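The structure appears right after this line, and notes come after that.
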Amino acid sequence: MKKIILSTLFLLFGFSTGFTQSFKTETGKATFYSKVPLHSFEGVSETLVGLIDLDKGTVDFYIDLETLDTGNGKRDKDMKLTLETEKYPFAEFFGKLVSDFNAESNDVQGVKVKGTFKIHGEEQEIEVDGTLQMTDEGLHVTAGWILNLLDYKIKPPKVLFIKVDENQEIKIDALLKPIEG
Amino acid sequence: MKKTVSTLLIMFLTISISEAQMERKRANPDGPVDEIFLTKNIAGLGTVQLLGKGDLNSMIQHNFGDVRGGIDTFFGVDEGANVRIAFAYGLTDDINIGIGRTSREDNIDFGIDYRLLHQTKSDKIPVSVVLKGNFGIRTQKEAFPLTFQERLNYLGSLMIGRKFNDSFSFQISPMISHFNTVVQTDPNEELYNTVYGLGFAGRFKINARKSISFEYLPVIGKRISDTKNHAAIVYELETGGHVFQMFFMSGRWFTEQHLLTRTETNFFEPNFRFGFNVNRVFGLL
């Protein structure tokens, strides 16, 4: 029995110290681009939280939607109402790297992740193309995809009676620092 | 021993689950509380709700004669409207300026709101406090000559508001009004240039788009003869682009200095008038 306990402890120990390939940020940048005929605007948050574990191949990102700033108080208020941020405060993605990434190289490498994106209380399986680059400061991530508001039961808001395009371009850009094991 | 093993296994599983996905934490749990009231005004009373930087609010305020005229005056509508057209602009998130014109006495008013405190979600700051100043100029032609100085009226108000929960907000606003000139029409009339008041306002939110609000403005201390305390009950509708406010109010005016000193109908008698405000916010930045 002692052996079992020892092996469990070993497993536990091994598990908790196996984190040298993990990278994290709390200051990533997430931007969405909205289009209305003859007019477009963007919303930016610089508090994107991300965790990438290269050992397990997991990718975990979320933002607090109330930190999105469109540069206009009225628009921010409308956006929060549309996204129902009091009820659903986060937009989040959790998934896995499904393409190879060479952590030894410093080149920008195209990668693909697959996972669940959740916003407005609705979940969708998505596939996102992005880039990863191992730098001296950490792991640099960029990614972009098109989010269809109707897929997440978000009613496109109106700007001066004209509906905002239901397809919103999302971009993220973050430098994740290594987590000490 | 079995227990120890199971505990260790549970620990192990818990750890692997918690490592799988980060705990979601709010970015700014101590941030400012949003939407204490729907707009800068209820019916006539100002609120601690300010416009964001770069927002322009255009507002049209109407009310009619009192409902006691009955069907003969179509419950006051035939008696003509008092209309105030106003614009307010957010210079910063904490400083708003505004200008308005009221059809009665052709009163043109200029206003400023300055937020001293903003209620926070953590309750570290439990209330929002806004200092409001307004001064008006009665520009209508009078039968008697008035100098520019004699045409001026002023308001100073300290608005203290709190959102108690998602459904209920409340505000008190001690205020002082001053008129450089008061006109005596009856020799027995008691008149005061300076009148004090204590405004009460509340909002019950029905859902994200609708609420019921009220305002009550009793005079504190000496009051001008035959005036009554102003009160209003308001149904508010946010349509996305506009905020409509439909109400019954006793006062005839939309500027607090006039509501304190010119209200002659008693809401609780009951006697009041129908009115509505239309607000539209434009983001200029």
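The values are calculated or read from the model by the stated rules, or taken from the named source; none is laboratory data. Predicted model only: the values in this text are computed from it and were never measured. Using ideal geometry, Cβ is built from the backbone for each residue, glycine included, and neighbour counts are taken over all protein chains shown. The protein model used for the area step is the full one, side chains on, heavy atoms only, and it has no ligands, DNA or RNA in it. Shrake-Rupley method; radii C 1.70, N 1.55, O 1.52, S 1.80 Å.
Applying the criterion of being in contact with a helix residue (DSSP H, G or I) (Cβ under 9 Å, 6 or more places away or on another chain) and at pLDDT below 60 to the residues of region B:10-33, the residue that is nearest to A:Ile63 (Cα to Cα) is B:Glu19.
Within region B:165-174, the presence of at least one residue that is of a type in the set (A, V, I, L, M), free of Cβ contacts under 8 Å to residues at least 60 places away in the same chain and either within 30 Å of B:Pro29 (Cα to Cα) or buried (at least 16 other Cβ atoms within 10 Å of the Cβ) (or both) is confirmed.
So is B:Lys2 within 22 Å of the chain's Cα centre (by Cα), open to solvent by 30 Å² or more (accessible area, probe 1.4 Å) and either more than 9 Å from chain A (Cβ to nearest Cβ) or modelled with pLDDT under 90 (or both) or not? Answer is no for this residue. Considering B:Glu256, B:Glu236, B:Glu190, the condition of being at pLDDT below 95 and of a type in the set (D, E, K, R) is satisfied by B:Glu190 alone. Contact annotation: no residue pair with Cβ atoms under 6 Å, 6 or more positions apart or on different chains, pairs a residue in region A:39-54 that is within 13 Å of chain B (Cβ to nearest Cβ) with a partner that is modelled with pLDDT of 95 or more and not in a strand (DSSP E or B). Filter region B:35-93 for residues that are part of a strand (DSSP E or B), open to solvent by 50 Å² or more (accessible area, probe 1.4 Å) and either in contact with a Cys (Cβ under 9 Å, 6 or more places away or on another chain) or not aliphatic (A, V, I, L, M) (or both) and give the result. Result: B:Phe87, B:Tyr89. Checking region B:224-237 against the condition returns a match, with at least one residue being away from chain A (no Cβ under 14 Å), open to solvent by 60 Å² or more (accessible area, probe 1.4 Å), of a type in the set (Phe, Trp, Tyr) and more than 17 Å from B:Ser157 (Cβ to Cβ).
Suppose the filter is touching a helix residue (DSSP H, G or I) at 6+ places or on another chain (Cβ under 6 Å), buried (at least 24 other Cβ atoms within 10 Å of the Cβ) and within 27 Å of B:Thr181 (Cβ to Cβ); does B:His258 pass it? Considered against the rule, which asks whether it is touching a helix residue (DSSP H, G or I) at 6+ places or on another chain (Cβ under 6 Å), buried (at least 24 other Cβ atoms within 10 Å of the Cβ) and within 27 Å of B:Thr181 (Cβ to Cβ), B:His258 comes out as no.
Scanning region A:64-84 for residues that are more than 16 Å from A:Glu42 (Cα to Cα) and either among the hydrophobic types (A, V, I, L, M, F, W, C) or buried (at least 20 other Cβ atoms within 10 Å of the Cβ) (or both) gives A:Asp64, A:Leu81. Contact annotation: residue pairs with Cβ atoms under 8 Å, 6 or more positions apart or on different chains, pairing a residue in region B:271-285 that is more than 13 Å from B:Met246 (Cβ to Cβ) and outside any strand (DSSP E or B) with a partner that is open to solvent by less than 40 Å² (accessible area, probe 1.4 Å) and among the β-branched types (Val, Ile, Thr), are B:Asn271/B:Val67; B:Asn271/B:Thr265. For region A:55-89, a residue qualifies if it is more than 8 Å from chain B (Cβ to nearest Cβ) and under 18 Å from A:Glu26 (Cα atoms), and the qualifying residues are A:Val59, A:Phe61, A:Leu65, A:Leu68, A:Asp69. Suppose the filter is more than 10 Å from every other protein chain (Cβ to nearest Cβ) and modelled with pLDDT under 80; does A:Lys35 pass it? It is true that A:Lys35 is more than 10 Å from every other protein chain (Cβ to nearest Cβ) and modelled with pLDDT under 80.
Every residue, every condition in (1) in contact with a Pro (Cβ under 8 Å, 6 or more places away or on another chain); (2) surrounded by 15 or more Cβ atoms within 10 Å (Cβ to Cβ); (3) part of a strand (DSSP E or B); (4) not polar (S, T, N, Q), yes or no:
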{"residue": "B:Lys141", "(1), (2), (3), (4)": "no, no, no, yes"}
{"residue": "B:Pro145", "(1), (2), (3), (4)": "no, no, no, yes"}
{"residue": "B:Ser157", "(1), (2), (3), (4)": "yes, yes, yes, no"}
{"residue": "B:Thr181", "(1), (2), (3), (4)": "no, yes, no, no"}
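Would you check if there is a residue in region B:245-253 being out of contact with any helix residue (DSSP H, G or I) (no Cβ under 7 Å at 6 or more places or on another chain), in a loop (DSSP other than H, G, I, E, B), of a type in the set (S, T, N, Q) and open to solvent by less than 60 Å² (accessible area, probe 1.4 Å)? Scanning region B:245-253 turns up at least one residue that is out of contact with any helix residue (DSSP H, G or I) (no Cβ under 7 Å at 6 or more places or on another chain), in a loop (DSSP other than H, G, I, E, B), of a type in the set (S, T, N, Q) and open to solvent by less than 60 Å² (accessible area, probe 1.4 Å). Of all the listed residues (B:Ile42, B:Ile36, B:Ile60), the sole one being farther than 28 Å from B:Ala81 by Cβ and more than 12 Å from chain A (Cβ to nearest Cβ) is B:Ile36. Among the residues making up region B:160-185, those that are over 15 Å from B:Ile42 (Cβ atoms) and within 14 Å of chain A (Cβ to nearest Cβ) are B:Asn165, B:Asp166, B:Ser167. Picking from residues in region A:22-63 that are aliphatic (A, V, I, L, M) and within 21 Å of B:Leu284 (Cα to Cα), the one that is most open to solvent (accessible area, probe 1.4 Å) is A:Leu38. The residues in region B:197-210 that are crowded, with 16+ Cβ neighbours inside 10 Å and more than 14 Å from the chain's Cα centre (by Cα) can be counted, and the count is 2.
Could you tell me which of the residues B:Leu146, B:Leu191, B:Leu131, B:Leu116 is over 30 Å from B:Met246 (Cβ atoms), under 18 Å from the mean Cα position of the chain (by Cα) and not charged (D, E, K, R)? Going through B:Leu146, B:Leu191, B:Leu131, B:Leu116 in turn, the sole match is B:Leu116.
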